[in-house]
Amino acid sequence: MQITINKPGVLSTVQDMGRWEYLSQAVPISGPMDSLSARIANIALGNNKDAPIIEFTYSVAEFNVDAPVLIAYAGEGAVLKCGNKLLPPNRPLFIPGGQTITLQNNGNGSRTYLAIAGGFDVPVILGSCSTYLPATIGGMDGRALRAGDVLKGKDIFTALNQVLIAHLSGDVIAFRKWSVSKQALGLNHTNTIRVISGPESSWFDQASVNTLFNTAFTISLQSNRMGYRLEGPKMQRINSSELLSTAVTMGTIQVTGIGDLILLMADCQTTGGYPRIAQVASVDLPLCGQLKPSDQIFFKEISRAEAEMLYIEQEQNLQKAKAALNARFL
Amino acid sequence: MQTLREYYPHLAVYPLSENTITLQFGTSISADILSQVTKVNQLIQEKPFLGFITTVPAYSTLTVYYDPLQLFKSKLDGLHGFQKLSNYLLSLPVPDYQSAETNKPPVIIPIYYGGDHGPDLDEVATMHNMSDDAVINLHSAATYTVYMIGFVPGFAYLGGMDKALASPRKATPRTAVPAGSVGIAGEQTGVYPLQTPGGWQIIGRTPLSMFDVTRNQPSLLKAGDLVKFEAITESEFKYYQTI
């Protein structure tokens, strides 16, 4: 199976669940900005969790299906269409050869994830297929996708891949009413992001911390896969301590020297020297991954223990979604 | 054997996220703290717990990444992942040995100083009323310590530069500094592993790859390494580039 990129859109990269083994050498984790949607696309096809997918940013992109493929997509950046026919998300889609698929804006979010049965076949670099553009590693030669790129799928199928291919194959586009229910997975459309207290939150005055939780912040234009700059009230320090560079991770909210917030995202560096006022709860990172410049967000504080419980619930729900699909087709 | 808690009574432990826990050994940069971070890093790597993913050593902290789901299922003592892991790590037995890493030879990094590869060498020399050669001699005489790797893949934060070389950053950062460039910023010196924008005073360049994904250890340097710079000629620089 393979697809050919006609129009790459604003930024399209191959990602998997991230590069975790070289953080001590300052190699970022990378991976999808909205890992939940990326995982749903893979689950819908019966792929393994680490099967490489394509992350599309916004719409405009277009690809050709030269020969029959089984694909699935998820996320909030766009809907897929074949001509005028809407292809629904979160479920396996059989596309016969000779079709052109376009991504059309659905106005909700910014990123869409495309999975192919078996996963896209790109080399494993430092233990991962994820693209990290600043060091030109991973994905398609370490770069964003371009028009004319042919992305092949791996010809190694899971049992569920094979059953779904057999079930849907034919001369026409085929899918069923069944889908992985996103609501069941707990992702709601909200711009309230839950956070836990950051290690240096006590370095800021109480009024600033209150502001953090009762004021809207706006995603600035200076935002990318490394992080988002947030526009809003400035945070005031109550001490002048310098933080020695230490670990930061996706979801860390740093405060710059002039009091602005930076929300670190998938390609963020492994260490940083700005004080960390808060940390986005893991379950809400996918929401952050769908934000775009000029979107407003609010922060709400929860306890670390609650954040962990939410994370574990979500993981269990994903396992259930996977089990439901297996039970249905295997 | 003493436990980690007994061995390092000043140790602070805090969570960063649901999948990270940080051990903080102090709040300053020192060889002593570096050796503590290095030792405990080795200890955890040698006996990984169920759910262990990786570690990020920094100046005075060691951050451990883990899988919260594995911790949730584990029988370790505690109400949640952070508590379980914190209890587990603090009760680790610490062998009372001196890390073998401390006696290893320095990594030699050849540098071509000045010329096109070190466009700011003259400026730095003028700034300190020195000759170019004096800057080169001071810079290549010291033995440096790698305190941590951070910022970009393979970038080593080095300690040990002669304070006489301390120089302010460029007023206007360059939009592209070539990979291998050796710079000075304040009391720090370092080598750019990748071509990136940068505001450091560039005094030379190494032909070695500081970061190469085809190597077993992609980063040439790691925390705890000792480093010496060695001045080379332009023809030696070109020769290195061919091998």
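Overview of results
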| quantity | calculated |
| --- | --- |
| Given (1) surrounded by fewer than 21 Cβ atoms within 10 Å (Cβ to Cβ); (2) within 14 Å of chain B (Cβ to nearest Cβ); (3) not hydrophobic (A, V, I, L, M, F, W, C), index of the condition residue A:296 fails | (2) |
| Test result for residue A:181, open to solvent by 50 Å² or more (accessible area, probe 1.4 Å), in contact with a Leu (Cβ under 9 Å, 6 or more places away or on another chain), under 24 Å from residue A:44 (Cα atoms) and away from chain B (no Cβ under 14 Å) | no |
| Residue in the stretch B:88-104 that is open to solvent by less than 50 Å² (accessible area, probe 1.4 Å), within 14 Å of another protein chain (Cβ to nearest Cβ) and either among the basic types (Lys, Arg) or under 29 Å from residue A:308 (Cβ atoms) (or both) present | no |
| Test: residue A:312 is open to solvent by less than 30 Å² (accessible area, probe 1.4 Å), without any contact (Cβ under 8 Å) to a residue 40 or more places away in the chain and either in the same structural domain as residue A:132 (by TED's automatic domain parsing) or of a type in the set (A, V, I, L, M, F, W, C) (or both) | yes |
| Selection from the stretch A:1-52 of residues that are assigned to a strand (DSSP E or B), out of contact with any Pro (no Cβ under 7 Å at 6 or more places or on another chain) and open to solvent by less than 10 Å² (accessible area, probe 1.4 Å) | A:3, A:5, A:12, A:13 |
| Count of the stretch A:221-276 residues which are among the small types (Gly, Ala, Ser), within 25 Å of residue B:29 (Cα to Cα) and either within 14 Å of chain B (Cβ to nearest Cβ) or under 25 Å from the mean Cα position of the chain (by Cα) (or both) | 6 |
| Answer residue from the stretch B:192-220, given it is within 13 Å of chain A (Cβ to nearest Cβ), in contact (Cβ under 8 Å) with a residue 60 or more places away in the chain and open to solvent by less than 10 Å² (accessible area, probe 1.4 Å) and is nearest to residue B:231 (Cα to Cα) among those | B:219 |
| Test: residue A:317 is modelled with pLDDT under 95 and within 28 Å of residue A:180 (Cα to Cα) | yes |
| Count of residues meeting criterion [assigned to a strand (DSSP E or B), aliphatic (A, V, I, L, M) and over 22 Å from residue A:178 (Cβ atoms)] in the stretch A:88-131 | 2 |
| Residue list for the stretch A:211-239, filter: in contact with a helix residue (DSSP H, G or I) (Cβ under 9 Å, 6 or more places away or on another chain) and small (Gly, Ala, Ser) | A:232 |
| Residue list for the stretch B:61-78, filter: within 7 Å of chain A (Cβ to nearest Cβ), out of contact with any Asp or Glu (no Cβ under 6 Å at 6 or more places or on another chain) and crowded, with 23+ Cβ neighbours inside 10 Å | B:61, B:63 |
| Qualifying residue in the stretch B:150-157 (condition: in contact (Cβ under 8 Å) with a residue 12 or more places away in the chain and open to solvent by 60 Å² or more (accessible area, probe 1.4 Å)) | no |
| Residue, most open to solvent (accessible area, probe 1.4 Å), within the stretch A:206-220, restricted to residues that are of a type in the set (Gly, Ala, Ser) and part of a helix (DSSP H, G or I) | A:207 |
| Number of positions in the stretch B:148-185 that are within 10 Å of chain A (Cβ to nearest Cβ) and farther than 25 Å from residue A:135 by Cβ | 0 |
| Every residue from the stretch A:93-108 that is of a type outside the set (S, T, N, Q) and touching a residue at least 24 places away in the same chain (Cβ under 8 Å) | A:93, A:94, A:95, A:96, A:97, A:98, A:101, A:103 |
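Quick grid of which residues meet (1) of a type in the set (S, T, N, Q); (2) under 28 Å from residue A:10 (Cβ atoms); (3) assigned to a loop (DSSP other than H, G, I, E, B); (4) within 24 Å of the chain's Cα centre (by Cα):
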| site | (1), (2), (3), (4) |
| --- | --- |
| A:134 | no, yes, no, yes |
| A:145 | no, yes, yes, yes |
| A:151 | no, yes, no, yes |
| A:157 | no, no, yes, yes |
| A:163 | no, no, no, no |
| A:177 | no, no, yes, no |
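The values are calculated or read from the model by the stated rules, or taken from the named source; none is laboratory data. Note that the structure is a prediction, hence the values are computed from the model and not measured. All Cβ positions, glycine included, derive from the backbone under ideal geometry; neighbour counts span all protein chains shown. Heavy atoms of the whole protein, side chains included, go into the accessibility calculation; ligands, DNA and RNA do not. Shrake-Rupley method; radii C 1.70, N 1.55, O 1.52, S 1.80 Å.
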